[in-house]
1. Filter region 68-83 down to the residues that are loosely packed, with under 15 Cβ neighbours inside 10 Å and closer than 18 Å to residue 135 by Cα and list them by number.
2. Could you please let me know if residue 86 is surrounded by 20 or more Cβ atoms within 10 Å (Cβ to Cβ) and under 23 Å from residue 5 (Cα atoms)?
3. Any idea how many residues of region 43-57 are more than 13 Å from residue 114 (Cα to Cα) and touching a helix residue (DSSP H, G or I) at 6+ places or on another chain (Cβ under 6 Å)?
4. Checking the condition at pLDDT below 95, out of contact with any helix residue (DSSP H, G or I) (no Cβ under 8 Å at 6 or more places or on another chain) and either within 16 Å of residue 56 (Cα to Cα) or part of a helix (DSSP H, G or I) (or both), which residue from 87, 105, 113 passes?
5. Among the residues of region 130-137, is there at least one that is outside any helix (DSSP H, G or I), in contact (Cβ under 8 Å) with a residue 40 or more places away in the chain and closer than 18 Å to residue 34 by Cα?
6. Those residues that are in contact (Cβ under 8 Å) with a residue 40 or more places away in the chain and either closer than 24 Å to residue 29 by Cβ or assigned to a helix (DSSP H, G or I) (or both), I need them from region 138-150; list them, please.
7. With 43, 51, 61 as the choices, which residue is assigned to a loop (DSSP other than H, G, I, E, B) and over 13 Å from residue 14 (Cβ atoms)?
8. Within region 116-138, work out how many residues are in contact with a helix residue (DSSP H, G or I) (Cβ under 9 Å, 6 or more places away or on another chain) and either closer than 22 Å to residue 22 by Cα or at pLDDT 95 or above (or both).
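The values are calculated or read from the model by the stated rules, or taken from the named source; none is laboratory data. These numbers come from a predicted model, not from an experiment. Quick reminder, even Gly has a Cβ in these numbers, built from the backbone with ideal geometry, and neighbours come from all protein chains shown.
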């Protein structure tokens with residue numbers, strides 16, 4: 001492969017991975033919201049007295065879906081070879097990681113909300129796991145920066 005084509009190949013690869021992760025995340029959250037609206041978590045909520053489960057779940061799901069929409073936009077931009085997506089993509093990856101760990105810590109350190117947040121955390125944020133399992137926030141931004149035209 002010629003060296004001058006490498007940025008284009010990198011941008012395409014990041015775009016495809018971003019689109020796949022965004023699609024997985026949306027699918028996951030739509031599925032979990034459907035389960036929630038049909039009462040699929042009601043017995044768990046009642047059994048463990050999770051009074052704030054549903055508000056926490058729907059707020060976190062909305063945040064995650066926003067992340068997936070932005071990730072989808074970035075993926076499309078990378079496939080179109082638009083370098084303007086590098087900064088938003090990099091910021092998005094940082095915000096996702098900060099969000100993920102901040103919510104986890106918040107759930108541990110706020111006793112009156114903690115158990116409800118912890119329960120909702122696993123269900124609402126599961127769509128982010130595709131990105132985290134492949135360490136996309138770690139290697140995606142440096143590769144996107146590498147894909148910038150010289």
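1. none
2. So residue 86 fits the description; yes.
3. Residues flagged as more than 13 Å from residue 114 (Cα to Cα) and touching a helix residue (DSSP H, G or I) at 6+ places or on another chain (Cβ under 6 Å) within region 43-57 amount to 1.
4. Matching residue, one of 87, 105, 113: 105.
5. No, the conditions are met nowhere in region 130-137.
6. Answer for region 138-150, where residues must be in contact (Cβ under 8 Å) with a residue 40 or more places away in the chain and either closer than 24 Å to residue 29 by Cβ or assigned to a helix (DSSP H, G or I) (or both): 140, 141, 143, 144, 145, 146.
7. Result: 51 is the single residue among 43, 51, 61 that is assigned to a loop (DSSP other than H, G, I, E, B) and over 13 Å from residue 14 (Cβ atoms).
8. Looking only at that region, the number is 16.
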